[in-house]
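Peer 1: Have a look at this one before I ask anything.
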Amino acid sequence: MGVEVVVEGLTKSFGKQTIWQDVTLTLPPGEVSVMLGPSGTGKSVFLKSLVGLLKPEQGKIVINGTDLVRCSEHRLYEIRKMFGVLFQDGALFGSMNLYDNIAFPLREHTRKTEAEVRRIVLEKMEMVGLVGAEKKLPGEISGGMRKRAGLARALVLDPEIILCDEPDSGLDPVRTAYLSQLLIDLNAQIDATILIVTHNINIARTVPDNLGMLFRRELVMFGPREVLLTSDEPVVEQFLNGRRLGPIGMSEEKDTATMAAEQAHADAGHSDGSTSEDVRGIIPQIEPTPGLPFRDAVRRRKDRVMSIIHQLPYQAQQGIIESLTTEEQVRYGVHVGAPAAAPAPSPWPRQGGVL
Amino acid sequence: MTTQTSFPGAGALRETGKLCQLGIDVVRTTFRRPFQLREFIQQSWFIVSVTVLPTALVSIPFGAVIALQLGSLTRQIGAQSFTGAASVLAIIQQASPIVTALLIAGAGGSAICADLGSRKIREEIDAMEVLGVSPIHRLVVPRVLAAMLVSVLLNGMVSVVGVLGGYFFNVIMQDGTPGAYLASFSALAQLPDLWISELKALIFGFIAGIVAAYRGLNPAGGPKGVGDAVNQAVVITFLLLFFVNFVLTTIYLQVVPAKGS
């Protein structure tokens, strides 16, 4: 099973400029999480901090009992072997062809024979749809192919944590959908903890178990997907619907005068840039391709969410309850329309490490 | 947690500290297994290919200038028989490590810096770290060692080519006596002169490699930053090399007595 990533009070600044402060969240083991945020809110910086490429000034990041912010260089390299990271542009080695790029981690860290390496590399290349492109150099292929090759390389060592930096940027909607499916399938197969950083609303609505959002130098919220998807928070509402009206401006923040002017425009009938419908609300999550194993994370998450459901906002509670089967509603002792009261007793035996 | 104190010159000290840190890391990592033999050979070959021709072309006129200058000087003071001795000494002890260093830094170092810099801005270095591979072990160490090896070898070549150039110009252009030129070789020069020459080349190669790697791994951001980094790497290396040359020469002249004294 994937490992748990605990982030506590993390603060990062470049010189005098604070990127974000006091970020506290837990990536539950084996679950898929998405971090949303407008451009320039430090999502990529957050991702790089998680793998120890950037050192936050305060707080800690605990993985398997080791604090990444303060551990030794040697320990950091050990921990990093558990990570698979997909960089925004794939970050392939320009001097190697795709095959060698994807084989690189295997050749560096394992004593596998060349035949085994070949088998694994070709398997991963097929997984991301790159068969036949083994001999190509990263400079000769499209951005989307580079991205998929980067993903294949991140996967060869069977990582326990997968971090994706904007998997959708530069990809068309169809390929993005395939990639989303691929990530969910992966989660079903290897049960890795996955964090996706993106500003793609479709991914945010359909892929994750947990959803968070960074804005104005802090974490607006992080929790089960239902919470953010049903939130009344103006920032969240504006972001999910992709409209100009709201606290997010072209530059990071917006002053009241601009807001009032925009409101006046909108009242006069000028479009605010969004489609008229409100896309908030809970829609079904992507499921693994038929034939693959059931995602353990879903069951674990259901247990975890049901034990904290009484702390969640009413709308989120209703969304969660509606997504349960009648049988499950009975088992957890909740029903539609009524607020969940006490922590429901777990109907399944709890596993070690599950929150 | 880390609060940076600031006073005039703090930035320069910090950079110097980081440069030394990288130097120490490289020395430490050199002994870590597995040694990146393939990368080392490739880089050595690469540095040779960009430096060998310019070095040869520079060392011929360099030897000639020294020979001509010394030729006319020795004639003025009536010491023609020592022309060969003096030019060999000048070429082996000073000219050849400096020529080598300039070319290693200018041709080899700038290529290393540009290569690492562009890898850094393409996030290749980050990716490598995330894959659990130390870029210092995988990329920097082979490059620094290659620069050192090639520097020592080039130094030998410059010495030979320089001395031959000196011989040619002295004997052909200034009507010197071939026999006297060759016979006086060992009048002033001694074996330690060759050792210090090679040692200088080795140290210059190390410095050129470290500075190039340091600037390459820390470009200011964006493609322009890489260009600036290459530029700075070459300038910093030159400054350091001439200073280190001065220090080494001083120590050598103090420690090793001149022949016959």
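The values are calculated or read from the model by the stated rules, or taken from the named source; none is laboratory data. All figures in this text were calculated on a predicted structure; none of them were measured in a lab. Counting neighbours? That spans all protein chains shown, and the Cβs are built from the backbone with ideal geometry, glycine included.
Peer 1: Of all residues in region A:194-238 being of a type outside the set (A, V, I, L, M) and in a strand (DSSP E or B), which is surrounded by the fewest Cβ atoms within 10 Å (Cβ to Cβ)?
Peer 2: Checked region A:194-238; the qualifying residue surrounded by the fewest Cβ atoms within 10 Å (Cβ to Cβ) is A:GLU218.
Peer 1: How many residues are in a loop (DSSP other than H, G, I, E, B) and farther than 23 Å from A:LEU182 by Cβ if we restrict to region A:283-314?
Peer 2: 2
Peer 1: Same structure, new question: Could you tell me whether region A:5-16 includes any residue that is buried (at least 16 other Cβ atoms within 10 Å of the Cβ), over 23 Å from B:ILE136 (Cα atoms) and facing chain B (nearest Cβ under 10 Å)?
Peer 2: Checking region A:5-16: at least one residue is buried (at least 16 other Cβ atoms within 10 Å of the Cβ), over 23 Å from B:ILE136 (Cα atoms) and facing chain B (nearest Cβ under 10 Å).
Condition check ((1) under 19 Å from the mean Cα position of the chain (by Cα); (2) within 14 Å of chain A (Cβ to nearest Cβ)) across all residues:
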site	(1), (2)
B:GLN21	no, yes
B:ARG28	no, yes
B:ARG32	no, yes
B:ILE41	yes, no
B:VAL65	no, no
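Peer 1: Just checking, how many residues over region B:39-58 are closer than 9 Å to B:PRO142 by Cα and of a type outside the set (S, T, N, Q)?
Peer 2: Matching residues across region B:39-58 total 3.
Peer 1: Among (1) surrounded by fewer than 21 Cβ atoms within 10 Å (Cβ to Cβ); (2) more than 14 Å from every other protein chain (Cβ to nearest Cβ); (3) under 30 Å from A:GLY150 (Cα atoms), there is one condition B:GLY132 misses while meeting the rest; what is its number?
Peer 2: (2)
Peer 1: What single numbered condition from (1) more than 25 Å from A:VAL45 (Cα to Cα); (2) touching a helix residue (DSSP H, G or I) at 6+ places or on another chain (Cβ under 8 Å); (3) modelled with pLDDT of 80 or more fails to hold for A:VAL236?
Peer 2: Just one mismatch for A:VAL236, condition (1).
Peer 1: Quick one: count up the residues across region A:101-120 that are closer than 18 Å to B:PRO34 by Cα and of a type outside the set (D, E, K, R).
Peer 2: Going through region A:101-120 one residue at a time, the tally reaches 7.
Peer 1: Pick out the one residue from B:ALA56, B:ALA127, B:ALA111, B:ALA101 that is in a helix (DSSP H, G or I), of a type in the set (A, V, I, L, M), within 16 Å of the chain's Cα centre (by Cα) and closer than 30 Å to A:ASN101 by Cβ.
Peer 2: The unique qualifying residue is B:ALA111.
Peer 1: Which members of region B:135-162 meet the condition of being within 14 Å of chain A (Cβ to nearest Cβ) and either in contact with a Phe, Trp or Tyr (Cβ under 6 Å, 6 or more places away or on another chain) or under 19 Å from B:GLY205 (Cα atoms) (or both)?
Peer 2: Hits for region B:135-162 are B:ILE136, B:HIS137, B:ARG138, B:LEU139, B:PRO142, B:ARG143.
Peer 1: I'd like to know if region A:263-272 contains one or more residues that are in contact (Cβ under 8 Å) with a residue 40 or more places away in the chain and more than 19 Å from the chain's Cα centre (by Cα).
Peer 2: no
Peer 1: Please work out which one of (1) within 14 Å of chain A (Cβ to nearest Cβ); (2) over 23 Å from B:ASN155 (Cβ atoms) is the condition B:ILE112 fails and give its number.
Peer 2: (2)
Peer 1: Sort through B:GLY205, B:GLY222, B:GLY216, B:GLY179 and tell me the only one that's closer than 30 Å to B:GLU124 by Cβ and surrounded by fewer than 16 Cβ atoms within 10 Å (Cβ to Cβ).
Peer 2: The conditions single out B:GLY222.
Peer 1: Please determine whether any residue of region B:73-83 is surrounded by 19 or more Cβ atoms within 10 Å (Cβ to Cβ), of a type in the set (A, V, I, L, M) and either touching a strand residue (DSSP E or B) at 6+ places or on another chain (Cβ under 6 Å) or in a helix (DSSP H, G or I) (or both).
Peer 2: No, because not a single residue in region B:73-83 is surrounded by 19 or more Cβ atoms within 10 Å (Cβ to Cβ), of a type in the set (A, V, I, L, M) and either touching a strand residue (DSSP E or B) at 6+ places or on another chain (Cβ under 6 Å) or in a helix (DSSP H, G or I) (or both).
Peer 1: Can I ask one more? Might you let me know whether region A:78-90 holds any residue that is surrounded by fewer than 23 Cβ atoms within 10 Å (Cβ to Cβ), touching a Pro at 6+ places or on another chain (Cβ under 8 Å), farther than 23 Å from B:ASP25 by Cβ and not polar (S, T, N, Q)?
Peer 2: Yes, because at least one residue in region A:78-90 is surrounded by fewer than 23 Cβ atoms within 10 Å (Cβ to Cβ), touching a Pro at 6+ places or on another chain (Cβ under 8 Å), farther than 23 Å from B:ASP25 by Cβ and not polar (S, T, N, Q).
Peer 1: If you check A:ALA297 against the conditions, is it of a type in the set (Gly, Ala, Ser), loosely packed, with under 13 Cβ neighbours inside 10 Å and either modelled with pLDDT of 75 or more or under 30 Å from A:ARG243 (Cα atoms) (or both)?
Peer 2: No; evaluated as a whole, the condition is false for this residue.
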